[in-house]
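The next block holds one structure in the form of structure tokens; read it before the comments.
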Amino acid sequence: MKIASFDSNKIGLIVGDEIVEIVPAGSRSAAWPPTEMLRFISEFEERKGEIERLVASGPRMPLASVRLETPVPWPNKVIAFPANYHAHIAEMKDGLISTFKNGGQGFFLKANSSLSGPADPIELPSVAGREIHHECEMAIIIGKGGRDISVERALDHIFGYACLVDVVIRGKEERVMRKSFDSFCPVGPWITTADEIADPANLALELRINGEVRQSANTANLIVDIPNMIAMASSVMTLYPGDIIATGTPAGVGPIEDGDVLDIQIEKVGAMRLPVVRGANGYNPVWDKPAA
Ligand code: MN
């Protein structure tokens, strides 16, 4: 199934070029905080029958007539793995190769408020003299939560997958600050449920800027693989339904500029086209010093 958030936190199922509303308005909790998708994910297994009935009877509309939103707007957390493909490590140099040979350098968090959706532009903050880079990543959406999840059981905890762009200001400031501006974490265009992905360790992903391919890779080349990411994250923190894991970027990261058009596409998962705009917000003197 392809499950989307749309038109102010409605939940829908994509069927061809239509969307079926599967969480009727009356059953939704208050509009804020927008946590209905968390409840939906946590109850998905027991509600499958009801969902299938609603696909037949629920209100249908053309997909093009609705506004898709980031599928999980209010997760408990957004976990992110750094540079996680063999070729990108070589590109970044600075000692990362030896670090990864010892099993990785762990993970970090992006602010949940940096999430944006497939209809939202990436808004560059008003900081001059700094490169702002795209990172093409696959997102894991957690289904069943837990702590100390084993590598062997990790895939059972995945609800689905989505496209994710990890946007970052290059520099030496704390990573969470450089990666957490509003709109620096586009996720979407929907969640493709795990049962549709026979092998998440063999998916082509690609990112283009103005039509030119900048990043092209396959999840087969992940260094820390998907089960080990879930095991590592859950060794530290309890995972909850709807938690998002950004699985790290392959080679080819580079700057985005005002007016660019970014396309991200993951085989069997989906695709998003996002305009890049320069906003008026975000200036702080911390960004005045040189990046290096
Ligand atoms: Mn990243």
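The values are calculated or read from the model by the stated rules, or taken from the named source; none is laboratory data. If you're wondering where the values come from, they're calculated on a predicted model, not measured in any experiment. Please note: Cβ atoms are built from the backbone with ideal geometry, for glycine as well, and neighbour counts cover all protein chains shown. Only protein heavy atoms, including side chains, enter the accessible area calculation; ligands, DNA and RNA are left aside. Shrake-Rupley method; radii C 1.70, N 1.55, O 1.52, S 1.80 Å.
Yes/no per residue for (1) of a type in the set (Gly, Ala, Ser); (2) touching a residue at least 40 places away in the same chain (Cβ under 8 Å); (3) open to solvent by less than 10 Å² (accessible area, probe 1.4 Å):
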{"site": "Asn202", "(1), (2), (3)": "no, no, no"}
{"site": "Ile209", "(1), (2), (3)": "no, yes, yes"}
{"site": "Glu212", "(1), (2), (3)": "no, no, no"}
{"site": "Gly242", "(1), (2), (3)": "yes, yes, yes"}
{"site": "Pro250", "(1), (2), (3)": "no, yes, yes"}
{"site": "Val261", "(1), (2), (3)": "no, yes, no"}
{"site": "Pro275", "(1), (2), (3)": "no, yes, no"}
{"site": "Asn281", "(1), (2), (3)": "no, yes, no"}
{"site": "Ala292", "(1), (2), (3)": "yes, yes, no"}
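Condition check ((1) open to solvent by less than 10 Å² (accessible area, probe 1.4 Å); (2) among the β-branched types (Val, Ile, Thr); (3) over 16 Å from Leu115 (Cα atoms)) across all residues:
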{"residue": "Cys185", "(1), (2), (3)": "yes, no, no"}
{"residue": "Asn221", "(1), (2), (3)": "no, no, yes"}
{"residue": "Met229", "(1), (2), (3)": "yes, no, yes"}
{"residue": "Thr247", "(1), (2), (3)": "yes, yes, no"}
{"residue": "Val253", "(1), (2), (3)": "no, yes, yes"}
Q) Which ones in segment 47-83 are within 16 Å of the ligand (Cβ to nearest atom) and in contact with a Phe, Trp or Tyr (Cβ under 9 Å, 6 or more places away or on another chain)? A) Lys77, Ile79, Ala80, Phe81, Pro82, Ala83
**Q.** Subset of segment 154-178 [touching a helix residue (DSSP H, G or I) at 6+ places or on another chain (Cβ under 9 Å), open to solvent by less than 10 Å² (accessible area, probe 1.4 Å) and within 15 Å of the ligand (Cβ to nearest atom)]
**A.** Val167, Val168, Ile169
(Q) Between a residue in segment 113-128 that is within 24 Å of Pro290 (Cα to Cα) and modelled with pLDDT of 95 or more and any residue that is of a type in the set (Gly, Ala, Ser) and outside any loop (DSSP other than H, G, I, E, B), which pairs come within a Cβ distance under 7 Å, given they are 6 or more apart or on different chains? (A) none
Q | Answer residue from segment 133-153, given it is of a type in the set (Asp, Glu) and more than 15 Å from the ligand (Cβ to nearest atom) and is nearest to Met232 (Cα to Cα) among those | A | Asp148
Q) So which of Lys144, Lys172 is outside any strand (DSSP E or B), among the basic types (Lys, Arg) and within 30 Å of Asn281 (Cα to Cα)? A) Lys172
Q. Applying the selection to segment 58-95, what residues are at pLDDT 90 or above and in a helix (DSSP H, G or I)?
A. Leu63, Ala64, Ser65
